[in-house]
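We did not get these values from a lab; they are worked out from the coordinates using the rules stated. Computed from a predicted model, the values in this text were never measured in an experiment. Every residue, glycine as well, gets a Cβ built from its backbone with ideal geometry; the counts of neighbours run over all protein chains shown.
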């Protein structure tokens, strides 16, 4: 299965965080901003970085934006540009549009005009959003340090009915299943023979690079 391709429009603090995490997970990322300095700052860690006006439909069409699986509209303070860019993405036929909102009203407008998901940066960290884009089963993502993190993974279809021993997450991905959540209850000492059920959420700790491999494997089968 081909890996998803992402475009991030607006490379401020939030947008650059999304772009960087996706790039670190070895996804193709196109970064777009009208500010040349911002584009230069991200050029070394994304696949492509382009200085362009996202409210120019012809410019976006020439970049082949419709060929990307997901476009993240992460434009900062310019609400008008954010709305117009989202409209253009919709008109060009982008499959999935994720848009950052400055406030609740802005978010409602973005949803009305076609954004598939609206992000509120004060509630959603860029790194968490990036991980959720790769795998919709990622319920939460907590950075413990530059090297280690914890993820909450909603049990994907490939895990259901299998035991922790069968999955052998520790040997295969070098990560540890710390707990299994079921609704409001939590098993903080899961047994190797415990079977994974459809409504389970696994709390997993590991190195960022190892967690990334686990996420990708279960996101793309």
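Some notes on this structure:
- DSSP bridge pairs, region 1-63: antiparallel proportion in percent, nearest 5: 0
- Protection proxy ranking for 127-138, 151-162, 10-21, using the average of other Cβ atoms within 10 Å per residue and placing the highest first: 10-21, 127-138, 151-162.
- Descending by average beta-carbon neighbour count within 10 Å, the peptides 103-112, 77-86 line up as 77-86, 103-112, the highest first.
- Shape class for region 104-178: oblate, because the ratio a/c of the largest to smallest gyration tensor axis (alpha-carbon atoms, square roots of eigenvalues) is 1.5 or more and b/c is at least a/b.
- Mean separation of Cα pairs under 8 Å and 6 or more residues apart, divided by the residue count, gives region 5-121 a relative contact order of 22 percent.
- Stokes-Einstein, applied to the Kirkwood radius of region 68-221 over Cα pairs at a viscosity of 1.002 mPa s and 20 °C, places its translational diffusion at 126 µm² s⁻¹.
- Computed over region 134-218, the range of Cα coordinates on each principal axis works out to 32, 27, 24 Å, biggest value leading.
- Approximate spin-label separation residue 3-residue 166, in nm, with each point projected 7 Å along Cα-to-Cβ: 3.0
- Per-residue packing, averaged as other Cβ atoms within 10 Å, sorts the ranges 176-182, 39-45 into the order 176-182, 39-45, beginning with the highest.
- Taking the C-alpha atoms only, the angle from helix 13-24 to the longest principal axis of the chain is near 60 degrees.
- Residues within the reach of a label modelled at residue 207 (point 7 angstrom out along Cα to beta-carbon, backbone nitrogen below 16 Å), restricted to region 167-182, are 170-176.
- Across region 112-193, C-alpha contacts under 8 Å between residues 6 or more apart give a mean separation that, scaled by the residue count, equals a relative contact order of 15 percent.
- The angle between the Cα long axis of helix 208-219 and the longest principal axis of the Cα atoms of the chain comes to about 90 degrees, rounded to the nearest 10.
- Rg followed by Dmax, in Å, when region 5-121 is reduced to its Cα trace: 12.6, 36
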